[in-house]
There are 2 protein chains.
Amino acid sequence: MPAGDPRSLSLKTLDVLSAFSTDRARLTLSELSRASGLSLTTTHRIVSDLVGWGALEHSARGGYQVGLRLWEIASLAPRGLPLRELALPAMEDLYEATHENVQLAVREGLEVVYVERLTGRGAVRVLTRVGGRFSLHSTGVGLVLLAHAPDEVQEEVLAGPLRRWTDRTITDPARLRATLAEIRQTGVAISDRQVTDDALSVACPVRDRSDAVVAALSVVMHADGASARAAAPAVRAASRSISRALGHPGAQRRPSGLPG
Amino acid sequence: MPAGDPRSLSLKTLDVLSAFSTDRARLTLSELSRASGLSLTTTHRIVSDLVGWGALEHSARGGYQVGLRLWEIASLAPRGLPLRELALPAMEDLYEATHENVQLAVREGLEVVYVERLTGRGAVRVLTRVGGRFSLHSTGVGLVLLAHAPDEVQEEVLAGPLRRWTDRTITDPARLRATLAEIRQTGVAISDRQVTDDALSVACPVRDRSDAVVAALSVVMHADGASARAAAPAVRAASRSISRALGHPGAQRRPSGLPG
């Protein structure tokens, strides 16, 4: 990048980190330079600082990878691991009851970010990973988070485009709008083969002390399982249990011996 | 900090992030300024960049907290979530067999960093958390990682000081040296009430394709449980299963139907 790049060195440093992704978890200096639009000299100076501090590490196979020190600091993000720690006991109960994928997700802008997933060996294949993003209009957790998002977020997603994952993905805005209203009314979202042809997810909202929906919990199972829809009460109970752990008053008023 | 601070703006940016810790997960601008040794003006400029990029977020209760965007990038750290994803199936099996704390940890310098923990509702209290650090010479995972650390790391730890957590913590360098040799020979570390007065941990090494010990796996249980020492075979089997997932050849040569 020529002189006159208006980005501050702080932003350039963060942009070097942004070059890493699931598909690009190990990058050379020149790849980092290209991806961040910075000269090799500037990239080298920034990477040296990042390595010295521990945000990047030399990879055993050459190049650089994200370092454990960055992960330690990032593990303090309240919507990341701390939320996950509060949710884990209820998620483990749900996993033991179903032996399917149990997922916890939050909304970040127009996408879902997965904060935790417990997966059984025989569980259905899912496209997501912890720390990964997905669209809001297709998965169970996405539909729950979209249904409870601010109006402007909902309108932006409804304005499209709505990517089609399978024949059953909702890509018609009017139908999506009706589905979101139904989810707000019933408190449950069911995504039936709307992401892959063999998976069904059942999702419920997780609320904090101010009754705001801060996360969504789901079970993703084989779509042909007889017990698929029967999972809703278990997901609802677990999501209420997590809401209670977050200080939600409605959930707290219930007798504590009941599952939510 | 007066003019002439030799740190680059990259390092200053990282040092603002370093101000956050478990006990200080939400900080005001002036707290960030004090902790990083930067002027309010510089701190304000850096924090604006960090918020704009998503590395920090405004907290609902005032001040700043670590943002989800940083957590997403950091989740790519190979010794963090990716290791955890490979280890999770074996950890879940171990959890279901014991319903105790199942922990996965790596070494970072002279400390243990916990990468994952599954915890049962009735499990014994532990002092650790995911993303948190602990000393190498006291916990089961710490002893395993220390036993297989480079000589210079072992000598630095043995040179002390060795913090005493309970009456049983090993604080005598000669005894610690003998314990480490025994762990290398048996392949198992047992920390019996060496961290808290009621917990015992059983830990085994996790090895990668080059036979290097890259992590340690443990079960932490009540010290008075009759089955405590009986847990060793299960921990050993699970750690071999994780090693196999990492491509360890010794583990791969075994029939795949056996648990490692």
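Some points to look at:
- Distance in nm between pseudo-label sites at A:Arg61 and A:Arg209 (7 Å out along the Cβ direction from Cα): 4.6
- Fluctuation leader among B:Asp23, B:Asp172, B:Asp208 - chain B, Gaussian network, Cα springs under 10 angstrom: B:Asp23
- Length-normalised contact order for the stretch B:81-252 - Cα pairs under 8 Å, 6+ apart - percent: 23
- Nearest-10 value in Å² for the accessible area of B:Asp151, using the 1.4 Å probe: 110
- Separation of the stretch B:159-197 and the stretch B:6-76, taken as the distance between their Cα centroids, equals 37 angstrom.
- Nearest-ten-degree value, helix A:232-245 long axis tilted from longest Cα axis of chain A: 60
- Counting Cβ atoms of other protein chains within 10 Å of each residue's Cβ and taking the mean over peptide A:59-71 gives 6.
- Using a Förster distance of 41 Å, the FRET efficiency for A:Asp23-B:Asp192 (Cβ separation, nearest 0.05): 0.35
- For B:Pro233, the distances from its label point to the matching points in the remaining copies are 4.0 nm, ordered from shortest, with each point set 7 Å beyond Cα toward Cβ.
- Computed magnitude of the charge dipole of the protein assembly as shown (debye, nearest 20; Cβ of K, R +1, Cβ of D, E -1): 160
- Restricting the trypsin sites (Lys or Arg not before Pro) of the stretch B:1-69 to loop positions (DSSP other than H, G, I, E, B) with no more than 15 neighbouring Cβ atoms within 10 Å leaves B:Arg7, B:Arg61.
- Heavy-atom surface analysis with a 1.4 Å probe gives the stretch A:9-74 a carbon and sulfur content of 48 percent of its accessible area.
- Against the criterion of solvent-accessible heavy-atom surface with a 1.4 angstrom probe, A:Ser191, B:Ser210 sort, most first, into B:Ser210, A:Ser191.
- Principal-axis analysis of the Cα atoms of chain B puts helix B:9-18 at an angle of about 60° to the longest axis.
- Applying the criteria of a DSSP loop state and at most 10 other Cβ atoms within 10 Å to the trypsin sites (Lys or Arg not before Pro) of the stretch B:135-212 yields B:Arg163.
- The stretch B:9-74: relative contact order in percent, alpha carbon pairs under 8 Å with at least 6 residues between: 30
- With protein chains left intact and a 1.4 Å probe, residues in chain A average 43 Å² of accessible area per residue.
- Cβ-based net charge around B:Ala147, under 12 Å, with every Lys or Arg adding one and every Asp or Glu removing one: +1
- Tail fraction, Cα-Cα pairs, the protein assembly as shown, threshold 43 Å, whole percent: 19
- Altogether, the Stokes-Einstein calculation at 20 °C and 1.002 mPa s, with the Kirkwood radius of chain B over Cα pairs as Rh, returns a diffusion coefficient of 107 µm²/s.
- To the nearest ten degrees, helix A:40-53 and the longest principal axis of the Cα atoms of chain A are 60 degrees apart.
- Between chain A and chain B, roughly 5200 Å² of accessible surface gets buried, counting both sides and using a 1.4 Å probe.
- Between copies, A:Thr171 shows label-point distances of 6.9 nm, shortest first, with the point placed 7 angstrom from Cα along Cα to C-beta.
- Average projection, convex hull of the Cα set of the stretch A:9-74: 4.2 square nanometres.
- Inter-copy label distances for B:Ala159: 6.2 nm (label point placed 7 Å from Cα along Cα→Cβ; shortest first).
- Full-extension gain in nm, A:Thr41 to A:Leu110, via 0.36 nm per residue minus C-alpha separation: 21.3 nm
- Taking amide H positions as modeled 1.01 Å from N, with prolines and chain starts lacking one, the residues under 5 Å from A:Glu116 and 5 or more places away or on another chain are A:Leu104.
- Heavy-atom accessible area, 1.4 Å probe, ligands and nucleic acids excluded: residues of the stretch B:20-38 down by at least 20 Å² from chain alone: B:Phe20, B:Ala25
- Where chymotrypsin sites (Phe, Trp or Tyr not before Pro) fall in DSSP loop in the stretch A:23-93, at most 12 other Cβ within 10 Å: none
The values are calculated or read from the model by the stated rules, or taken from the named source; none is laboratory data. Because the structure is a prediction, the values reported are computed rather than measured. All Cβ positions, even for glycine, are placed from backbone atoms using ideal geometry, and neighbour counts span all protein chains on display. Heads up: the accessible areas ignore ligands, DNA and RNA and are worked out on the full protein's heavy atoms, side chains in. Shrake-Rupley method; radii C 1.70, N 1.55, O 1.52, S 1.80 Å.
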